[in-house]
Amino acid sequence: MKAIAEAPSKAIITGEHFVVHGAWALAAALPRRVRAEASPSEELTIVSDRFPGGDSRALAPVASVVRAVAKELSSTPRVRVLVTSDIPEGSGLGSSASTMVAVAAAVARLKGAELGPQGISDFAMAGEREVHGRPSGVDAAVCSRGGVLLFRPGIPPRAVALQGRRALVVAFTGTRRSTRRQITRVAGVKEAFPGMFRGLAEAASEASLAAAERLAEGDMKGLGRILSFNHAVLSAVGASSPSLDRLVDLALSLGAYGAKLTGAGGGGSVIAVAPRGKEKSIVSGLRERGFEAFRAEIPVVGVRSWLEK
């Protein structure tokens, strides 16, 4: 008998970095997924397609999630976990959070427990803290719950209801980055300019609330304007990079309403919104210029788990 869980990736639409300091962020689950399979074993074993050699240091956060779930359920952590993923690592699309969420759900299911989204998210944070240092929790929340969420630390996430489906364009710069390093860099700006940073965080909160309204109403042009402005603000606090700025500029040149970095920045990915029906041509234009890009329809369901013989 084995338990299987699949968790979606994510994009932060607005509010990254500032959410760590108490601002609202808007995030959406994306269709690319991580799959975790858990089965009984004589010892705790983690196998990942990303680390075929079994890099114990890289896989240690996953082991921490397994141990946390087993301890809570008064069970043994002696399981074999196989992780496979189609999310680019270090891309800002929630590869680590999706992994931790899928692993927590699979191990809990194997042990006979069906945790709700909050429980899964809480256990996933055991690994997320090891990877990122001081994560806000938004990634784990949206990967476990799915859909589109307004998130603020210390407050239950708010689901944003969409009437119909929406589409985002997602493109990867090809440059991987460290979330921990980027969080530290932006925190340095807060330390150097506390008054300015506080004002930007408050504005970022308002921008996230406005972006949620635009997205819910289907006003993609209005949403795009918020995204482009948000990118400029993130660039001002050191979260962007030349490769991200070029990719944002390219998406806009190809006809997007707006575009911005998503996630920690310093590399990783860009999201863009475009006129209905133009997303495919923008994706094609990005691919022709050598970027990995795809069209992502939202909303997407959160983590799900099941048993197989």
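Read-outs throughout are calculated quantities, based only on the coordinates presented, and are distinct from any laboratory measurement. Note that the coordinates shown come from a computational prediction; the quantities given were computed from them, not determined experimentally. Cβ sites come from the backbone with ideal geometry, for glycine too, and all protein chains shown count toward neighbours.
Details
- Most tightly packed first, judged by the mean number of other beta-carbon atoms within 10 Å of their residues, the peptides 88-99, 143-154 read 88-99, 143-154.
- The fraction of Cα-Cα pairs per 5 angstrom bin, counted from 0 for the stretch 2-161, comes to 2, 11, 20, 24, 20, 13, 8, 3, 0, 0 percent, rounded to whole percents.
- Per-residue [θ]222 nm for the chain (sum of -39500 (n - 2.57) over DSSP H runs n ≥ 4, rounded to 500): -14000 deg cm²/dmol
- Ranked by the mean number of other Cβ atoms within 10 Å per residue, highest first, peptides 37-46, 257-266 order as 257-266, 37-46.
- Each peptide among 162-175, 225-238 gets the average number of other Cβ atoms lying within 10 Å of its residues, and from highest to lowest they stand as 225-238, 162-175.
- For the stretch 166-298, the relative contact order comes to 41 percent (Cα pairs under 8 Å, sequence separation of at least 6).
- Normalised contact order of the chain, rounded percent, pairs of Cα under 8 Å and 6 or more residues apart: 27
- Rounded to two decimals, the Cα-based Rg/Rh of the chain, with Kirkwood Rh, is 0.97.
- For the stretch 166-298: rounded, prolate or oblate by the Cα gyration tensor [a/c cutoff 1.5]: oblate
- Residue order for M1, M100, M220, fewest other beta carbons within 10 angstrom first, comes to M1, M220, M100.
- If you take all other residues with their beta carbon under 11 Å from the beta carbon of S144, and give Lys and Arg +1 and Asp and Glu -1, the sum is +1.
- Based on Cα contacts under 8 Å between residues 6+ apart, the stretch 55-190 shows a relative contact order of 25 percent.
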